[in-house]
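To keep things clear, I will list the structure first and then write my remarks on it.
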Amino acid sequence: MFELIFLGTSASAPSIRRNLSATMILHKEYRFLVDCGEGTQRQLLRSGLGFKRLDKILLTHGHLDHILGLGGLVSTFSRWEAISKFEIYGGSWALERVNDLIFGVVFRGVKPPLQIDLIPIEPGVLMEDDTFELTAFAVTHRGPGCLGYTFREKGKCPFLVDKAEALGVPPGPERGRLVRGETVTLANGTVVHPDQVLGPSIPGAKLVFVGDAAHTYNLVEVASDADALVIEATYLTKEEELARKYGHLTAAAAATLARQAGVRQLYLTHISRRYSGEAVLAEARAIFPQTVVARDFDRFRIIKEKE
């Protein structure tokens, strides 16, 4: 299960009701902040999330409306000593701009009191454990090194109690070892292998996050069968030419991607001040009914729905 919290859902500049781009994704002990637009630290406080254990930032790209909040955030961390280490992941161009902001402006000529690691990444696996995997993938926008992120729970093989009982596997440590993939030898000498008591793997939840994007034809595969797709919808179709000019998507284009990729739920963000949320929602739902236009502080649980 993932928890998705929208902290900023406006495009380019804040509006009265929408702050600039920032989204928190929670999974087990992990806290990932995706992008950090101006004013994000206040949104973190207003949301109740706060700063605790916020040590991983994932950047989709280096445009200012997605990174300017990092200056204030690291400045606050340096005074409050909320954390001792701060990791910022992104493409090389985005990190160049972040480096200028943090080390050239916030800490100009001064050694930061906390460890700040700028970690350049390429498409591929970023981190994983036994149950979870985070990968990055390429996105086309304006500027190099634009990225999206897939958060995926690894599949689980259910323990088949009836099979275990038929083989004489008693409740207790032996069953735990089989679940972990170990072969066990019972007290009577019977050897039991995991595949004798485990069912076929059941996929876990999949959350795909796309920031700003100029087109979607290279995103169908990565978004395929996602339980949730988060993506921008900066323009409506009536201004499709502007969308192409500035490297953004229409609500219709985002909805078409969701339909083509077979996702279960679409969350639209990066909403322009020129449109109402209702207008964006109407255009998208005409193509993909399972659409939500996210608002600041909306929270959603992303789980794998049973087939």
Cα point-scatterer Debye curve for the chain, base-10 log of I(q)/I(0) at q = 0.10, 0.11, 0.14 Å⁻¹: -0.60, -0.70, -1.00
Cα centre as origin, Lys/Arg/Asp/Glu Cβ charges: the chain dipole, Debye: 820 debye
Neighbour-limited loop hits for chymotrypsin sites (Phe, Trp or Tyr not before Pro), the stretch 95-137 (at most 13 other Cβ within 10 Å; DSSP other than H, G, I, E, B): none
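Mind putting a number on the dipole of the stretch 66-183 about its Cα centre? Charges go on the C-beta only, +1 for Lys and Arg and -1 for Asp and Glu, and I need it in Debye to the nearest 20.
With only Lys, Arg, Asp and Glu charged at Cβ, the dipole is about 320 debye.
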Number of Lys pairs (Cα under 19 Å; 8 or more positions apart or on different chains) in the chain: 17
Cα gyration tensor shape of the stretch 215-298, rounded if a/c is under 1.5, else prolate or oblate by comparing a/b with b/c: oblate
Footprinting exposure proxy for S272, S84 (fewest neighbouring C-beta atoms within 10 Å first): S84, S272
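No lab work stands behind these numbers, since they all come straight from the coordinates. Just so it is clear, the model here is predicted, and its values are computed rather than measured. With ideal geometry, Cβ positions are generated from the backbone for all residues, glycine too; neighbour counts draw on all protein chains shown.
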